[in-house]
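The values are calculated or read from the model by the stated rules, or taken from the named source; none is laboratory data. As the structure is a computational prediction, the values presented were derived from the model and not from experiment. Cβ coordinates were reconstructed from backbone atoms using ideal geometry, including for glycine residues, and neighbour counts include every protein chain displayed.
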Amino acid sequence: MAPLPYRVTETQEEAPGVVTISISPLGTAIPAHRHGQFNMLTAFGLGESAISLSGSGPEGKLVHTVRDVGPVTSALCGARPGDVVGVRGPFGTGWGVEDGSFLEEGDVVVVAGGIGLAPLRGAISALVARRSAALEARTRSGNVCLVIGAREPQQLIFGDDLARWAAGGARVTVTVDIPDARWRGGVGLVTSHLGAAGFEVEGATALICGPEIMMRFTARGLVDAGVAPERIRVALERNMQCGLAWCGHCQLGPLLVCRDGPVVPYTDVVADLLVQRER
Amino acid sequence: MKAISIGELLSSHPLLSGLPAADIETVAGCARNVIIKPGDMLLAEGQRADSLYLVRYGIVSIEIHSPGVGSIVIDTVGPGGVVGWSWLFPPYRYHFDARAVEVVRAVAFDATCLRDKAETDEQLGHLLYKRVAEVLLERLQMTRVRLLDLYGSKSVR
Ligand SMILES: Cc1cc2nc3c(=O)[nH]c(=O)nc-3n(C[C@H](O)[C@H](O)[C@H](O)COP(=O)(O)OP(=O)(O)OC[C@H]3O[C@@H](n4cnc5c(N)ncnc54)[C@H](O)[C@@H]3O)c2cc1C
Ligand code: FES
């Protein structure tokens, strides 16, 4: 499966070392994606990386938010409008928010750490829009409760979206580990702020994305609070190569993350995998 | 509309929820409902630890003052949280400042009264200290995890 060429149309620095790039197809576009799926992005001459979709737009526009951690992500973060990148995808499972039952059965609590907010961005916007539509139609809807964490205030991404989601009725809690003098939000880990998120445990669904340790503690915290484990979804991350369940590179226990993930329900198997040491 | 009693407020707070009604009634005698304005202090470092706050609404910042630097926020406590742990053990002095970031509604306990009740009624004392230990353990674990750069360069997301 060869990558399709896309042109970079816009870039925006979200935080130091984190850039959102918008790309549009030069010819054929990849098929439509579901929120939470990922693409394999090629920086030509360097290699390919799995990057989640953080948005999309008309005429095949795709949006990805990339953190510079190595050669490929550095090239993607440094891309300028006009540059060409390759795209294969979309791959994997999504958050499932396209399913109409979301919000009907209760609140949705979304917990994101660092750049983990990127794969959730589209899902959150869809949920906030669905809740507004339900309220307008006077039908029952759960609340959308967000708990967003970052190391420092300057590492928070999507500030405009957070404001938009709050204005759209979402309950937004933002917390940092190390505040600066101007910081007026929460301080401490996302796990310490779950109680302040304002969600009703009964019927709640949780979506968690962030570093694996954070997901582990958050999922445990939610289960302790009474959220049913099968209603918790986490996003796993493993090095990818083919993205097509061929090469076995992304194997994690019984799962091939490119096919069975990245988004998986927090079953006992997944809870164990989150504490499994890498071999 | 019927006013919510202190007992009802206490049984809906995670620190005390599930405690037998009789125990809630006993400790309710030491509690009062308070509203703290944004910017006002709940407690100050070095002061006698005479109150314990169960936060119901709003955010409290836990701060430490450093000469020349000012107040540094080290934690925030929201609804369901507890502020003022120094009431538990001698010398009963607060270690940090606590300030309301926004309007805070809380149940404030008279610490001496609570300690007296816990010591007179051993069963209640046992239950109470067990709850407190659970919360403190959770806070200790969170503090340890916070020592990691959880969102940092080692983790990709
Ligand atoms: C399903 C999925 C979705 C992802 N979504 C995003 C996203 O939206 N934005 C983003 O910036 N990154 C995302 N990533 C991570 C991204 O794929 C890696 O950061 C990237 O492949 C690193 O490539 P590199 O050549 O820049 O660095 P490399 O030199 O390949 O790696 C740099 C460092 O990162 C580690 N690393 C590389 N890939 C992974 C991985 N998948 N999991 C854990 N550690 C890894 C390496 O061990 C090394 O320490 C995602 C990964 C997966 C599996
Ligand atoms: S990346 Fe090849 S099997 Fe998943």
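Take A:Arg130 and tell me if it is in contact with a Phe, Trp or Tyr (Cβ under 9 Å, 6 or more places away or on another chain), more than 14 Å from chain B (Cβ to nearest Cβ) and free of Cβ contacts under 8 Å to residues at least 40 places away in the same chain. Before the answer, list the steps.
Details: in contact with a Phe, Trp or Tyr (Cβ under 9 Å, 6 or more places away or on another chain): yes; more than 14 Å from chain B (Cβ to nearest Cβ): yes; free of Cβ contacts under 8 Å to residues at least 40 places away in the same chain: yes.
Judged against the criteria, A:Arg130 is a match.
Looking only at region B:81-95, which residues are surrounded by fewer than 19 Cβ atoms within 10 Å (Cβ to Cβ) and in contact with a Leu (Cβ under 9 Å, 6 or more places away or on another chain)?
Our first condition is that a residue be surrounded by fewer than 19 Cβ atoms within 10 Å (Cβ to Cβ); within region B:81-95, this holds for B:85, B:88-93, B:95.
Within region B:81-95, B:Trp85, B:Leu88 meet the criteria.
Can you spot a residue in region A:195-203 that is within 24 Å of A:Thr93 (Cα to Cα) and of a type outside the set (Lys, Arg)? First the steps, then the outcome.
Just the residues of region A:195-203 that are within 24 Å of A:Thr93 (Cα to Cα), to begin with: A:203.
Okay, now just the ones that are also of a type outside the set (Lys, Arg), so A:203.
Yes.
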For A:Pro179, which of the numbered conditions (1) at the interface with another protein chain (Cβ under 7 Å from one of its Cβ atoms); (2) closer than 21 Å to A:Glu230 by Cβ fails to hold?
(2)
Among the residues that make up region B:39-57, is at least one of them under 19 Å from A:Gly198 (Cβ atoms) and part of a loop (DSSP other than H, G, I, E, B)?
no
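Could you tell me whether A:Leu207 is free of Cβ contacts under 8 Å to residues at least 40 places away in the same chain, within 16 Å of ligand 1 (Cβ to nearest atom) and in the same structural domain as A:Gln155 (by TED's automatic domain parsing)?
In short, no.
I'd like to know if region A:189-199 contains one or more residues that are crowded, with 21+ Cβ neighbours inside 10 Å, more than 10 Å from every other protein chain (Cβ to nearest Cβ) and either of a type in the set (Gly, Ala, Ser) or in contact (Cβ under 8 Å) with a residue 24 or more places away in the chain (or both).
yes
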Strands (runs of 3 or more DSSP E) wholly inside region A:1-112 containing at least 3 residues that are in contact (Cβ under 8 Å) with a residue 24 or more places away in the chain and within 16 Å of ligand 2 (Cβ to nearest atom):
A:38-43, A:47-56, A:84-91
For region A:249-266, state whether one or more residues are surrounded by 24 or more Cβ atoms within 10 Å (Cβ to Cβ), under 15 Å from A:Cys145 (Cβ atoms), touching a Gly at 6+ places or on another chain (Cβ under 8 Å) and within 14 Å of another protein chain (Cβ to nearest Cβ).
no
Taking region A:244-275 and keeping residues in contact (Cβ under 8 Å) with a residue 24 or more places away in the chain, out of contact with any strand residue (DSSP E or B) (no Cβ under 7 Å at 6 or more places or on another chain) and assigned to a loop (DSSP other than H, G, I, E, B) leaves A:Leu244, A:Thr267, A:Leu274, A:Val275
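Check region A:231-243 and report whether any residue there is assigned to a helix (DSSP H, G or I), away from every other protein chain (no Cβ under 14 Å) and away from ligand 1 (no atom under 16 Å from the Cβ). So that I can check it myself, show each step before the final result.
In the first step, residues of region A:231-243 are kept if they are assigned to a helix (DSSP H, G or I); the result is A:231.
Pick out the ones that are also away from every other protein chain (no Cβ under 14 Å) and you get A:231.
Then keep just the ones that are away from ligand 1 (no atom under 16 Å from the Cβ); that gives A:231.
Yes, some residue in region A:231-243 is assigned to a helix (DSSP H, G or I), away from every other protein chain (no Cβ under 14 Å) and away from ligand 1 (no atom under 16 Å from the Cβ).
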Conditions (1) within 14 Å of chain B (Cβ to nearest Cβ); (2) within 16 Å of ligand 2 (Cβ to nearest atom); (3) not aliphatic (A, V, I, L, M) -> A:Arg220 fails only (2)
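Can you name every residue in region B:72-88 that is in a strand (DSSP E or B) and over 20 Å from B:Arg48 (Cα atoms)? Step through it out loud before you land on a result.
First, the residues of region B:72-88 that are in a strand (DSSP E or B): B:72-77, B:82-83.
Listed by number, the residues that qualify are B:Ile72, B:Val73, B:Ile74, B:Asp75, B:Thr76, B:Val77.
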